[in-house]
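**Q** Got a structure here, written out as structure tokens. Questions coming.
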Amino acid sequence: MREVFIRALSGLLYVAFLLLAIFSLENIYLVLILVFGAMCLFEFLKLVQIKSYLPYLLLIAVTLVFCYYKLFKGVTLVFLAITIMTNLYLIKNLIRPSERYITIAQKYIYLLFYIIGGFMFTILLPSYKGEYTSYLVASVFALIWINDTFAFIVGKSIGKHKLLERISPKKTIEGFLGGLVFSCIASVFIYKFTGLLSIQLWMTVAVVTSVFGTLGDLIQSQLKRQAGVKDSGQLMPGHGGIYDRLDSIIFASPFIYLFLIVLDYVS
């Protein structure tokens with residue numbers, strides 16, 4: 001009972017801090033995500049056994065150039081393209097794992113585009129059209145949380161068929177579908193509450209968020225399994241590390257950002 005209480009309390013504090021930052025000012029949201037990014041980077045570097053201060057400098061530089069000053073719009077799109085390709089490669093390794101040892105070069109590519117790129121586009125997401133829109137990013141986080149919650153509930157209740165047992169033995173196909181369905185249902189209410197996108201587009205965002213959020217969770221589980229650890233850290237009692245909390249959003253955000261900018265371009 002005490003463990004459940006601590007888990008619930010740490011989860012509520014995390015959500016409260018995040019929502020407070022989202023609904024205050026763009027720069028406060030940027031700073032909080034940057035802090036989360038540094039924490040997540042620390043945990044990721046431990047998993048892949050890199051001891052260097054360079055990744056932190058890269059995180060700060062990328063955040064300042066592309067998220068704060070918003071320079072080099074064309075380079076941002078190139079960064080997005082490489083981030084997407086890196087994530088697709090990680091998905092390929094999830095389905096058909098490579099038996100080769102991960103080189104130092106690969107580790108730096110992962111940390112620059114998968115981790116830092118993921119946080120970069122999480123920061124840019126609410127301002128993809130130029131103006132900061134707090135309800136947009138709050139809705140995406142809500143879809144992530146709803147997907148995770150109902151994937152767990154449905155999987156625990158009726159889950160029988162394993163999703164990817166060698167990576168995450170507890171995840172089931174039924175749980176994944178449950179999270180997806182409830183995310184789509186939630187997107188209808190988000191549409192009615194925010195009015196930012198059409199109902200069809202919100203449902204598409206829900207599907208993208210659910211699918212790629214789940215893949216992000218599985219990829220992080222694969223990295224933890226390779227490192228021989230259960231959690232990426234102990235920062236959040238009952239939840240693990242901050243990387244454990246943000247693995248879905250940092251993987252899904254580049255795909256959501258891509259969908260939104262393409263939609264904005266063609267509309």
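The values are calculated or read from the model by the stated rules, or taken from the named source; none is laboratory data. The model shown is predicted, which means the values in this text are computed figures rather than measured ones. FYI the Cβ positions are ideal-geometry reconstructions off the backbone, even for glycines, and counts take in every protein chain you see. Please note that ligands, DNA and RNA were not included when accessible areas were found on the heavy atoms of the full protein model with its side chains. Shrake-Rupley method; radii C 1.70, N 1.55, O 1.52, S 1.80 Å.
**Q** Would you work out what percent of the accessible area of segment 41-94, with all protein chains in place, is carbon or sulfur (probe 1.4 Å)? It would help to have the intermediate numbers written out before the result.
**A** On the way: 2310 of 3040 Å².
Within segment 41-94, the accessible surface is 76 percent carbon and sulfur.
**Q** Could you provide, to the nearest whole Å², the per residue accessible area of segment 93-249 with probe 1.4 Å? Show your work: numbers first, answer last.
**A** Details: 7470 Å² over 157 residues.
Per residue, segment 93-249 has an accessible area of 48 Å².
**Q** Which FRET efficiency value, to the nearest 0.05, is calculated for LEU9 and SER98 with the Förster distance at 41 angstrom and r the Cβ-Cβ distance? Provide the component values of the computation, followed by the final result.
**A** Working: r = 40 Å, r/R0 = 0.99.
Given R0 = 41 Å and the Cβ-Cβ separation, E is 0.50.
**Q** Would you work out which of GLY240, LEU47, TYR69 lies farthest towards the positive end of the dipole of the chain? Charges go on Cβ: Lys and Arg +1, Asp and Glu -1.
**A** LEU47
**Q** Another one. Nearest 0.05, what FRET efficiency do LYS156 and PHE189 give at R0 = 35 Å with Cβ-Cβ as r? Please list the in-between numbers first.
**A** Values: r = 24 Å, r/R0 = 0.68.
Plugging the Cβ-Cβ distance into 1/(1 + (r/R0)^6) gives 0.90.
**Q** Averaging sequence separations of C-alpha pairs under 8 Å and six or more residues apart, then dividing by the length of segment 14-141, give the relative contact order as a whole percent.
**A** Working: 80 pairs, mean separation 43.8, N = 128.
For segment 14-141, the relative contact order is 34 percent.
**Q** For GLY240, which sequence-distant residues (separation of 5 or more, or a different chain) have an amide H within less than 5 Å of its own amide H, given hydrogens modelled in the peptide plane?
**A** HN-HN under 5 Å from GLY240: empty list.
**Q** Take each uninterrupted DSSP H stretch in the chain, measure its Cα extent along the helix axis, and return the ones at 27 Å or beyond whose mean Kyte-Doolittle hydropathy is at least 0.0. It would help to have the intermediate numbers written out before the result.
**A** Values: long enough: 2-22 (30 Å, 1.72); 26-48 (32 Å, 1.87); 73-95 (33 Å, 1.45); 134-158 (35 Å, 1.42); 173-194 (31 Å, 1.49); 199-227 (42 Å, 0.62); 242-266 (36 Å, 1.37).
Qualifying helices: 2-22, 26-48, 73-95, 134-158, 173-194, 199-227, 242-266.
**Q** Rounded to the nearest 20 debye, what is the charge dipole size of the chain about its Cα centre when +1 sits on each Lys and Arg Cβ and -1 on each Asp and Glu Cβ? Please list the in-between numbers first.
**A** Numbers: 22 positive and 13 negative charges, 131 e Å.
The calculated dipole for the chain is roughly 620 debye.
**Q** Another question about this same structure. Based only on Cα atoms, what mean projected area does the convex hull of the chain have, in nm²? Write out the running numbers ahead of the final one.
**A** Numbers: hull surface 56.8 nm².
Spelled out: convex hull of the Cα atoms, projected over all directions, averaged, 14.2 nm².
**Q** Largest first, what is the accessible-area ranking of ILE50, ILE95 with a 1.4 Å probe? Before the final figure, lay out each step's value.
**A** Values: ILE50 15, ILE95 120 Å².
Highest to lowest solvent-accessible surface, that is ILE95, ILE50.
**Q** For segment 160-267, give the percent of accessible area contributed by carbon and sulfur heavy atoms, probe 1.4 Å, rounded to a whole number. Could the numbers behind the result be given before it?
**A** Working: 3270 of 5050 Å².
Looking at segment 160-267 in its full context, I get 65 percent from C and S.
**Q** Suppose each label sits 7 Å from its Cα in the direction of the beta carbon; what would the TYR89-ARG166 distance come out to in nanometres?
**A** Placing both labels 7 Å beyond Cα along the Cβ direction yields 2.1 nm.
**Q** Going by a ≥ b ≥ c, the root eigenvalues of the Cα gyration tensor, does segment 137-267 fall in the rounded group (a/c under 1.5), the prolate group (a/b larger than b/c) or the oblate group? All intermediate terms of the calculation are to be shown ahead of the outcome.
**A** Numbers: a/c = 2.03, a/b = 1.57, b/c = 1.29.
Verdict is prolate for segment 137-267.
**Q** Sticking with this structure for a sec: From the square roots a ≥ b ≥ c of the eigenvalues of the alpha-carbon gyration tensor of segment 63-199, which class results: rounded (a/c under 1.5), prolate (a/b over b/c), or oblate? Please list the in-between numbers first.
**A** Details: a/c = 3.00, a/b = 1.09, b/c = 2.74.
Since a/c reaches 1.5 but b/c is at least a/b, the shape of segment 63-199 is classed as oblate.
**Q** Could you calculate the FRET efficiency of LEU196 with VAL31 from 1/(1 + (r/R0)^6), where r is the beta carbon distance between them and R0 is 35 Å, rounded to 0.05?
**A** Details: r = 24 Å, r/R0 = 0.69.
Efficiency computed from Cβ-Cβ geometry: 0.90.
**Q** Taking the dipole about the Cα centre of the chain, with the C-beta of Lys and Arg at +1 and of Asp and Glu at -1, give me whichever of SER98, SER221, PHE113 is farthest to the positive side.
**A** SER98
**Q** Using amide H atoms built in the peptide plane, which far-off residues or other-chain residues are under 5 Å from LYS170 H to H?
**A** Result for LYS170 returns nothing.
**Q** Additional query: Can you give me the C-alpha center-to-center distance between segment 21-39 and segment 127-193, rounded to a whole angstrom?
**A** Centre-to-centre distance over Cα atoms comes out at 23 Å.
**Q** Under the classification rounded if a/c is under 1.5, otherwise prolate if a/b is larger than b/c and oblate if not, where does segment 1-141 fall, given a ≥ b ≥ c as square roots of the Cα gyration tensor eigenvalues? Could the numbers behind the result be given before it?
**A** On the way: a/c = 1.76, a/b = 1.15, b/c = 1.53.
Since a/c reaches 1.5 but b/c is at least a/b, the shape of segment 1-141 is classed as oblate.
**Q** So what is the calculated 222 nm ellipticity per residue for the chain, using -39500 (n - 2.57) for each DSSP H run with n of 4 or more, over all residues, to the nearest 500 deg cm²/dmol? It would help to have the intermediate numbers written out before the result.
**A** Working: 10 runs with 191 residues, N = 267.
Mean residue ellipticity at 222 nm (helix-derived): -24500 deg cm²/dmol.
**Q** Pick from PRO55, PRO254, PRO97: which is most flexible by mean-square fluctuation in a GNM of the chain where alpha carbon atoms under 10 Å apart are linked?
**A** Sorting by GNM fluctuation, first place goes to PRO97.
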